[in-house]
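Below is one structure, written out as structure tokens, with a few remarks after it.
The values are calculated or read from the model by the stated rules, or taken from the named source; none is laboratory data. Small disclaimer: the values here were computed from a predicted structure and weren't measured. Reconstructed Cβ throughout: ideal geometry from the backbone, glycine too, with neighbour counts over all protein chains shown. Surface areas here come from the heavy atoms of the whole protein model, side chains and all, with no ligands, DNA or RNA. Shrake-Rupley method; radii C 1.70, N 1.55, O 1.52, S 1.80 Å.
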Amino acid sequence: MPIYNSIAAFHDEMTAWRRDLHANPELGFEETRTAAFIADKLRAWGVEVHEEMAGTGVIGVLRGPGAGKGAIGLRADIDALPMTEETGLPHASTIPGKMHGCGHDGHTVMLLGAARHLAETRNFDGTVVLIFQPAEEVGGQDSGGARMVREGMFNRFPVDTVWGLHNSPNMPFGTIGVRTGPAMAASDSFDVTIEGKGGHAARPHTTIDPVAVGTQLYQAFQTIVSRNADPVESAVLSVTIFQSGEAYNVIPARSRLAGTVRTYRPAVRDMIERRMGEICAGLAAAHGCTIRLAYDRGYPALITTAAESAFAADVARAVVGDDKVDSDIPPVMGGEDFAYMLEARPGSFVRLGTGRGPDTPLVHHPRYDFNDEALPIGASFWVKLVETALPRRA
Ligand code: NI
């Protein structure tokens, strides 16, 4: 079975919705117009609607005609990025500094298209929870996905499994990829301040030089991944900021090192944070200075479950064909806040290929635009997933 004919029949409408959302992007937790757009459509199709979830999120609940107890959650993110669009397209962002640069406009519309079809046909048994999540791009532990889980979404709308989808312009059009286990990285940031003792550069013995301490700290940090982490595990520790001093003849009083840590396994993440703290304390004692470490945990690693990832691959094969599905795509070191939902429930996260060739601008590029040709494929994937996971009993 390729895409649903009945979904292809309203491809033009989905394209119009997507371009409307694209022209009117809203940043995380400001998605009021977008949320109203979603809620109005769902209501018109007879879907039960709950608004103001985690601020500007929308939940739709669809029930099949039978008495089935199964329930699944399908999630789309709805926010735009703080960047200025350079596509020059007729439907380009009308707001400088705001752009749907990651295709969340397309994610929103693919789930809306599925909702419309499911509401009309109800060819399933059980409950589908449509999760339109705000603020995926804001980062940190107060992102939309984190807040929805923390504010009890899955208690209010219980689901057995939860599923997400992201467009991938770097994958060939119409392909679908999925991976079991760690698929995207935990994404943390750190900030270290070294308080030494400033003074004249010609009298170093009267100072505690925070640049000298900082270079040792930098070197010591590099041994965490190379000497403390199991070599078969993946981890990145990058110092991206090293600031100190202003004059040729002054030893400064302080220096600052900051950067990012990316990991897949929670134990590796814990180890790196712990070792950074130990190194800071040890170097402070060795040099008689003060070293403060602020370690800020961002999104956890996105970890899919095996059964659900295999199931998603089977559904994908039914929609786009065996030869267009890769059930073992490589992991990436980027972050994604759907990880919080996958911490709370089993599920998976698929990538839908939307490439237009080797020169396709990738997500977060100012000339990126979601590929509308993919709308009926994504919507069909969602519908097929629901009808397979929650089959209607005769
Ligand atoms: Ni995204």
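Can you confirm whether segment 60-73 contains a residue that is at pLDDT 95 or above, out of contact with any strand residue (DSSP E or B) (no Cβ under 8 Å at 6 or more places or on another chain) and away from the ligand (no atom under 16 Å from the Cβ)?
No; the residues of segment 60-73 include none that is at pLDDT 95 or above, out of contact with any strand residue (DSSP E or B) (no Cβ under 8 Å at 6 or more places or on another chain) and away from the ligand (no atom under 16 Å from the Cβ).
Output the residues belonging to segment 82-133 that are within 26 Å of Pro169 (Cα to Cα), of a type in the set (Ser, Thr, Tyr), more than 16 Å from the ligand (Cβ to nearest atom) and in a helix (DSSP H, G or I).
Listed by number, the list is empty, since nothing qualifies.
Would you pick out the residues in segment 134-154 that are more than 16 Å from the ligand (Cβ to nearest atom) and modelled with pLDDT under 95?
Gln141, Asp142
Every residue in segment 1-36 that is of a type in the set (Gly, Ala, Ser) and either open to solvent by 30 Å² or more (accessible area, probe 1.4 Å) or out of contact with any strand residue (DSSP E or B) (no Cβ under 8 Å at 6 or more places or on another chain) (or both), please.
Matches in segment 1-36: Ser6, Ala8, Ala9, Ala16, Ala23, Gly28, Ala36.
Phe157: open to solvent by 10 Å² or more (accessible area, probe 1.4 Å) and either modelled with pLDDT of 95 or more or away from the ligand (no atom under 16 Å from the Cβ) (or both), yes or no? Before you say what the answer is, go through the steps one by one.
Working: open to solvent by 10 Å² or more (accessible area, probe 1.4 Å): yes; either modelled with pLDDT of 95 or more or away from the ligand (no atom under 16 Å from the Cβ) (or both): yes.
Yes: the conditions hold for Phe157.
Residue-wise test of (1) under 28 Å from His364 (Cα atoms); (2) touching a Lys or Arg at 6+ places or on another chain (Cβ under 9 Å); (3) of a type outside the set (A, V, I, L, M).
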residue	(1), (2), (3)
Ile59	yes, yes, no
Gly64	no, yes, yes
Ile72	no, no, no
Met83	yes, yes, no
Leu89	yes, yes, no
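Looking at segment 359-388, which of its residues are part of a loop (DSSP other than H, G, I, E, B) and within 16 Å of the ligand (Cβ to nearest atom)?
Going residue by residue through segment 359-388, those that are part of a loop (DSSP other than H, G, I, E, B) are 359-371.
Matches in segment 359-388: Thr360, Pro361, Leu362, Val363, His364, His365, Pro366, Tyr368, Asp369, Phe370, Asn371.
Among the residues of segment 139-186, which ones are among the aromatic types (Phe, Trp, Tyr) and part of a loop (DSSP other than H, G, I, E, B)?
At the first step, the residues of segment 139-186 found to be among the aromatic types (Phe, Trp, Tyr) are 154, 157, 163, 173.
Across segment 139-186, the qualifying residues are Phe157, Phe173.
If Cys102 satisfies every condition in (1) open to solvent by 20 Å² or more (accessible area, probe 1.4 Å); (2) within 20 Å of Met341 (Cα to Cα); (3) not polar (S, T, N, Q) but one, which is the exception?
Only one criterion in (1) open to solvent by 20 Å² or more (accessible area, probe 1.4 Å); (2) within 20 Å of Met341 (Cα to Cα); (3) not polar (S, T, N, Q) is unmet by Cys102, namely (1).
Taking Gly70 and the conditions (1) surrounded by 22 or more Cβ atoms within 10 Å (Cβ to Cβ); (2) closer than 30 Å to Gly321 by Cβ, which numbered condition does it fall short on, given that it satisfies the others?
Evaluating Gly70 over (1) surrounded by 22 or more Cβ atoms within 10 Å (Cβ to Cβ); (2) closer than 30 Å to Gly321 by Cβ leaves (1) as the failure.
For residues that are of a type in the set (A, V, I, L, M, F, W, C) and at pLDDT 95 or above, scanning just segment 221-234, find the one that is farthest from Ile279 (Cα to Cα).
Among them, the one singled out is Ala229.
Going through segment 105-127 one residue at a time, which ones are open to solvent by 10 Å² or more (accessible area, probe 1.4 Å) and either among the acidic types (Asp, Glu) or under 18 Å from Ala36 (Cβ atoms) (or both)?
Arg116, Glu120, Asp125
Is it the case, given these coordinates, that Gly140 is surrounded by fewer than 24 Cβ atoms within 10 Å (Cβ to Cβ) and small (Gly, Ala, Ser)?
Details: surrounded by fewer than 24 Cβ atoms within 10 Å (Cβ to Cβ): yes; small (Gly, Ala, Ser): yes.
When the stated conditions are applied, Gly140 passes them.
I'd like the residue in segment 161-189 that is among the small types (Gly, Ala, Ser) and in contact with an Asp or Glu (Cβ under 7 Å, 6 or more places away or on another chain) and, out of all such residues, is farthest from the ligand (Cβ to nearest atom).
Result: Ser189.
Inspect all residues belonging to segment 38-48 and state whether any of them is touching a residue at least 24 places away in the same chain (Cβ under 8 Å), within 16 Å of the ligand (Cβ to nearest atom) and surrounded by 24 or more Cβ atoms within 10 Å (Cβ to Cβ).
no
Might you check whether a residue that is of a type in the set (Asp, Glu) and open to solvent by less than 20 Å² (accessible area, probe 1.4 Å) occurs anywhere in segment 77-85? Full working, then the answer.
Residues of segment 77-85 of a type in the set (Asp, Glu): 77, 79, 85.
Within this subset, residues satisfying the condition of being open to solvent by less than 20 Å² (accessible area, probe 1.4 Å) are 77, 79.
Looking for residues that are of a type in the set (Asp, Glu) and open to solvent by less than 20 Å² (accessible area, probe 1.4 Å), one finds at least one in segment 77-85, hence yes.
Looking only at residues that are polar (S, T, N, Q) and either farther than 19 Å from Pro346 by Cβ or in contact with a Leu (Cβ under 8 Å, 6 or more places away or on another chain) (or both) in segment 169-189, which one is most open to solvent (accessible area, probe 1.4 Å)?
Asn170
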